[in-house]
Amino acid sequence: DAGITQSPRHKVTETGTPVTLRCHQTENHRYMYWYRQDPGHGLRLIHYSYGVKDTDKGEVSDGYSVSRSKTEDFLLTLESATSSQTSVYFCAISEDSNYGYTFGSGTRLTVV
Amino acid sequence: AQSVTQLDSQVPVFEEAPVELRCNYSSSVSVYLFWYVQYPNQGLQLLLKYLSGSTLVKGINGFEAEFNKSQTSFHLRKPSVHISDTAEYFCAVSPPNTGNQFYFGTGTSLTVIP
């Protein structure tokens, strides 16, 4: 979507390696989120941020960490990737819940 | 904890037929309600939302949804579907005082049959 980009779009990595996914926004929205999407589970919240250096855990945060040093960037790091972290990862941004979320196009991560 | 239930995981329907995708949520307080659509290999797009006021909400692409407080439901409808409506549909709720968090259902896969 316009105003939010995710990189990379696709990545294959080996078990045990660290991986960082990037979400970049140009909308100056306060809130940013990382979700993972898996068949039968819908979207599950990993971590979210409500401001620079302000982050909190979501429903499935184990094995993931995040950082937000600037308003526009929200990084998701898999400290030591496992096969269970093979998924499609979506970043979302929001200024206020009235407006809903705007989603990025997703990152397809495969851990082999 | 908040929960959102989408009662049908897959819905096949013939082209030009009507469709209803069901969504129920658990909450004793007022919430904001949303429907999102995800086309293959894409991110999610907002279809429509209910914040307050009229219980019938109209969205993009001819979709509408009706909020029913007593049944805690927010079902999505379209009177006549097209092939291009084939997609995954997600219901979501945003309760108050949750740090702007959204809770999503597990999705309904709509397949329109020619």
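The values are calculated or read from the model by the stated rules, or taken from the named source; none is laboratory data. Computed from a prediction, not measured in an experiment: that's the story for all the values here. Glycine gets a Cβ as well: all are built from the backbone with ideal geometry, and neighbour counts include every protein chain shown.
Assorted remarks:
- Residue within the stretch A:37-59 that is touching a strand residue (DSSP E or B) at 6+ places or on another chain (Cβ under 8 Å), in a loop (DSSP other than H, G, I, E, B) and within 28 Å of B:G105 (Cβ to Cβ) present: yes
- Lone qualifier among B:Y50, B:Y25, B:Y36 - being free of Cβ contacts under 8 Å to residues at least 40 places away in the same chain and under 12 Å from the mean Cα position of the chain (by Cα): B:Y50
- Residue that is without any contact (Cβ under 8 Å) to a residue 24 or more places away in the chain and within 14 Å of A:R22 (Cβ to Cβ), where the choices are A:S49, A:S67: A:S67
- Residue list for the stretch B:36-46, restricted to those being at pLDDT 95 or above and more than 10 Å from every other protein chain (Cβ to nearest Cβ): B:V37
- Hey, A:D54 within 20 Å of B:L44 (Cα to Cα), within 13 Å of chain B (Cβ to nearest Cβ) and surrounded by fewer than 15 Cβ atoms within 10 Å (Cβ to Cβ) or not: no
- Selection of strands (runs of 3 or more DSSP E) fully inside the stretch B:11-114 by the criterion of at least 2 residues being of a type in the set (D, E, K, R) returns B:64-68, B:73-78.
- Hits in the stretch A:1-37 (condition: more than 10 Å from chain B (Cβ to nearest Cβ), over 21 Å from A:D96 (Cα atoms), of a type outside the set (K, R) and touching a Ser or Thr at 6+ places or on another chain (Cβ under 9 Å)): A:S7, A:P8, A:H10, A:V12, A:T13, A:T15, A:G16, A:T17, A:P18, A:V19, A:T20, A:L21
- Once the stretch B:51-75 is narrowed to residues that are within 14 Å of chain A (Cβ to nearest Cβ) and more than 13 Å from B:S30 (Cβ to Cβ), the residue that is surrounded by the most Cβ atoms within 10 Å (Cβ to Cβ) is B:A65.
- Taken over the stretch A:62-112, the residue count meeting the criterion of being part of a loop (DSSP other than H, G, I, E, B) and within 14 Å of chain B (Cβ to nearest Cβ) is 7.
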